[in-house]
Amino acid sequence: MDIDKVFKNNQSWIEEKLELNQNYFEDLGKGQTPELLFIGCSDSRVTAEELMGLGPGDVFVHRNIANMVISIDLNVMSVINYAVDHLKVNHVVVCGHYECGGVKAAMQSADLGILNPWLRNIRDVYRIHNKELNAIDNEEKKYERLVELNVKEQCVNLIKTAVVQKAIRTKGLQVHGWVFDVHTGKLIDLKINFTKYLKDIMEIYHLD
Ligand SMILES: [Zn+2]
């Protein structure tokens with residue numbers, strides 16, 4: 001990759017924005033009020049804003065390998081707390097994607113060093129749903145289903161946090177689980193019934 005090209009691209013992008021609105025960057029500098037927190041995979045194909053047709057200022061973004069919401073990961077937990085409590089987003093999205101390398105790695109027997117504890121969380125999703133997954137003969141379909149179930153379980157992990165429980169109760173925060181199909185570009189809404197899951201887990205995970 002020609003790194004100089006990146007700076008040329010940046011200059012053209014600035015000119016494009018200013019052509020549409022002379023005050024574009026002045027406005028951008030005033031602050032942010034995004035309404036959506038997007039938790040996606042670090043995969044280079046899953047661009048957050050671009051695939052949603054949104055731009056600077058619209059989305060608060062966190063990306064990691066396989067879009068995980070892990071309660072002892074200070075990074076994702078800080079992002080969730082800041083977005084929900086301070087920026088007061090109305091929607092939190094966990095967005096997985098088909099052909100996810102992290103999910104694929106978790107389906108294989110291999111020692112991947114520092115990645116092992118991270119991928120362990122995806123293996124745990126497999127263990128929770130092993131009956132359903134083992135009943136799928138087609139490996140590709142099984143892989144796709146694990147991507148979807150991982151999104152669902154990360155949404156459940158989201159609603160296990162105090163800040164999200166409080167925001168659902170007091171501000172009507174909505175939690176969404178989506179999958180980006182890299183083969184078609186389509187964003188698929190898994191229609192996660194988060195209020196039902198919240199009700200189901202409250203006996204054990206009720207914090208706020
Ligand atoms: Zn991925």
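Nothing in this text is a laboratory measurement; each read-out follows from the coordinates by a stated rule. Predicted model only: the values in this text are computed from it and were never measured. Cβ atoms come from the backbone with ideal geometry, glycine included; neighbour counts cover every protein chain shown.
The table that follows gives values for the structure above.
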| quantity | calculated |
| --- | --- |
| Segments 114-121, 22-29, 177-184 sorted - mean Cβ within 10 Å per residue, highest first | 177-184, 114-121, 22-29 |
| Cα pair count fraction exceeding 19 Å, expressed as % - segment 52-164 | 49 percent |
| Estimated FRET transfer efficiency when R0 is 30 angstrom, pair residue 44-residue 207 (beta carbons, to 0.05) | 0.25 |
| Shape metrics for segment 1-65, restricted to C-alpha atoms - Rg then Dmax, Å | 13.8, 38 |
| All-pairs Cα distance distribution in segment 135-185, expressed in whole percent, bin size 5 Å | 5, 17, 20, 18, 14, 10, 9, 5, 1 |
| Dimensionless Rg ratio for segment 118-208, taking C-alpha atoms and the 2.2 N^0.38 Å reference | 1.20 |
| Signed unit charges on C-beta, dipole axis of the chain, positive-most listed residue 71, 52, 97 | 71 |
| Neighbour cut-off at most 16 other Cβ (10 Å), DSSP loop, trypsin sites (Lys or Arg not before Pro), segment 1-50 | 30, 45 |
| Taking N as its residue count, the alpha carbon Rg of the chain over 2.2 N^0.38 Å | 1.12 |
| Total formal charge among the other residues, if their Cβ is under 13 angstrom from that of residue 185, Lys/Arg +1 and Asp/Glu -1 | -1 |
| Shape metrics for segment 33-73, restricted to C-alpha atoms - Rg then Dmax, Å | 10.8, 32 |
| Unit charges on C-beta of K, R, D, E only; dipole of the chain, Debye | 780 debye |
